[in-house]
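One structure is given below, encoded as structure tokens.
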Amino acid sequence: QVLSHNLYTVLCIPHDPVALEEHFRDDDDGPVSSQGYMPYLNKYILDKVEEGAFVKENFDELCWTLTAKKNYKPDRNGNSVVSHQDAFKLWCLFNFLSEDKYPLVMVPDEVEYLLKKICTAMNVELNSCELDDYLSQELQGPGGLTVWQFLDMMNSGRFLRGIEQEAISMAVEEVYQEVIEDVLKQARSPHGYLWKKGQLRRNWSERWFMLKPSVLSYYMSEERKEKKGSITLDKHCCVEVLPDRDGKRCMFCVKTSSRTYEMSASDTRQRQEWTLAIQTAIRLQAEGKKSLHKDLKQKRREQREQREQRKAAKEEETQRLKQLQEEKERKLQELELLKEAQRQAEILLQEEEQRRRQQHEEMQRTLEIQLREAEQARASMQAEMVLKEAEAERQRKRLLGLAGRGDTLPRAMQCSPGYWEGHPHLLLFLDRLLAEEEEKLKQLMKLKEEQEEYIIKTQREKQVLKQEMENKNKCLEEAQKQLEEVRVNRQRVDQDVMAAQRKLRQASTNVKHWNVQMNRLMHPIGPGDKRTNVSGGGFVGYQPLLSQRDSSLKLKQKVEDKGSDPTRDNSKENVSNGGNSGVPPCPDADTMATEPTN
């Protein structure tokens, strides 16, 4: 109830205690958690908030009160570098510059940017190396510092040593007004007041001015207790430098659609700073932007994203080149393996071919020996057969002779039956002779059968040897075909490797060219760098542009004087005859915002 009441108050919303009771009617037993309070907060409080209807500083103070008591731990002995009020302003600056995601963290670039602005406001220089060392020790991940780590860092005095607390408070207040309250420029005492010419009485009054993107307000003093008026700025306004007159110097004017406001600065530098700041405010109105530092924050974020993208692209390109190198090495290894395998295959093929040739030669020699032996055996068998045939012929003739005598013997025996009885030795001789002839005839037939079997066996072996030679010739042809295929594959792999090498050389050339172009064109600008001032007031590079504008305006005025009416309004003539005429160009918004003032 207390929290809701305070939120209703600071956000300027009508109190509705009945809604609170109704919302938590069914859950009234225990404490309310954050998750339980969020639906009520969104529905009955935040949805009713209207932009511009409440004071944001009051809301920030309420949030600081809720969070600081538990999380902010200053030095209990009162030796803190920053006061409690300065810690609140730093807390607000942290919330503004942190990333737009929960939990809120501030990236190292934004931490350096904020510290540089605070140090610039105190006219001291930030030790960036020491800050980098501190951030490298404190940051555990890729995020950034939390608000309590940031406040502990500020209270440690590591970057603000030797500086009084009052100077730190003034610097924090200046940065707070510039970033949070959108104060583009305000007068600085004792020489920062501007003289303003009145509209009715036309007298000159000293006023303390404060410039915001949409309005230029002026007060009686720098306490801003009595506001004397304001100048509403829009895209149709303009600022011009006026010549010295009426005893006033360093004059300029702000022209609106309804009135022209004439003012006088203490010196040329003050006039230049005010005209540049007012031009920046008019430019923001023309672009439809309400806050300069929101625009600068978005630009810095875009620069970081672009830097991260370039870094990621570079890492991707490096990774791709590494992969190409690895692919090249792998291809070379595969090529070496293929070459080695090809050499081994060639060696194996040579050994196999030599072994087969030796086997073929040995088999051929064996066949030749066997053929010679077969021929010799055939010749000897033929000679033996000739002898056997001659012997058989003799035996046949003898048998025929014996058969003739055998025919006469029966006739003789028929004629004289007792003939054989008187010649028994002749009968025994005939029986023995017939037995011998029959035995010889059996041996001859057996020898003929053995010769025929040997001839058949020899032909069969010859056929087998011939079949083996044909098979080995086929294997040899297949091996030659495989060798030819290996050679063709080797040529194709050589062509692929040459193509990959050409692509790698082209990719390396493109990467080198890209790196050269990037190094030549891209020069990132660090956030919050201090611009040095030239002598005599003004910014670097402003005086040449101003002198060029002076010369062009004078030439134009001379041409107009020759053909114009002498009684015409001399306001433009006063502008062209001024010591420093012309409207200076609008500087970079970031440079203007960070330019120190005396």
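The values are calculated or read from the model by the stated rules, or taken from the named source; none is laboratory data. These numbers were taken from a predicted model, which means no experiment stands behind them. All Cβ positions, glycine included, derive from the backbone under ideal geometry; neighbour counts span all protein chains shown. The protein model used for the area step is the full one, side chains on, heavy atoms only, and it has no ligands, DNA or RNA in it. Shrake-Rupley method; radii C 1.70, N 1.55, O 1.52, S 1.80 Å.
Structure summary
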quantity: Residue in the stretch 139-147 that is more than 25 Å from Glu308 (Cα to Cα), buried (at least 16 other Cβ atoms within 10 Å of the Cβ) and modelled with pLDDT of 85 or more present; calculated: no
quantity: Boolean, Ile180 is more than 40 Å from the chain's Cα centre (by Cα) and β-branched (Val, Ile, Thr); calculated: no
quantity: Some residue of the stretch 84-93 being open to solvent by 30 Å² or more (accessible area, probe 1.4 Å) and under 27 Å from Glu308 (Cβ atoms); calculated: no
quantity: Thr275 vs. criteria hydroxyl-bearing (Ser, Thr, Tyr), closer than 20 Å to Arg249 by Cα and open to solvent by 50 Å² or more (accessible area, probe 1.4 Å); calculated: no
quantity: Of all residues in the stretch 201-230 being of a type in the set (Lys, Arg) and under 25 Å from Leu284 (Cα atoms), the one that is least open to solvent (accessible area, probe 1.4 Å); calculated: Arg207
quantity: Hits in the stretch 97-114 (condition: part of a helix (DSSP H, G or I) and over 21 Å from Asp182 (Cβ atoms)); calculated: Pro108, Asp109, Val111, Glu112
quantity: Arg365 being open to solvent by 60 Å² or more (accessible area, probe 1.4 Å), closer than 30 Å to Arg460 by Cα and either under 33 Å from the mean Cα position of the chain (by Cα) or not aliphatic (A, V, I, L, M) (or both); calculated: yes
quantity: Number of positions in the stretch 22-44 that are assigned to a helix (DSSP H, G or I) and exposed (fewer than 13 other Cβ atoms within 10 Å of the Cβ); calculated: 7
quantity: Gln323 open to solvent by 60 Å² or more (accessible area, probe 1.4 Å), within 22 Å of Tyr176 (Cβ to Cβ) and either among the hydrophobic types (A, V, I, L, M, F, W, C) or without any contact (Cβ under 8 Å) to a residue 12 or more places away in the chain (or both); calculated: no
quantity: Answer residue from the stretch 6-21, given it is without any contact (Cβ under 8 Å) to a residue 24 or more places away in the chain and in a helix (DSSP H, G or I) and is surrounded by the most Cβ atoms within 10 Å (Cβ to Cβ) among those; calculated: Thr9
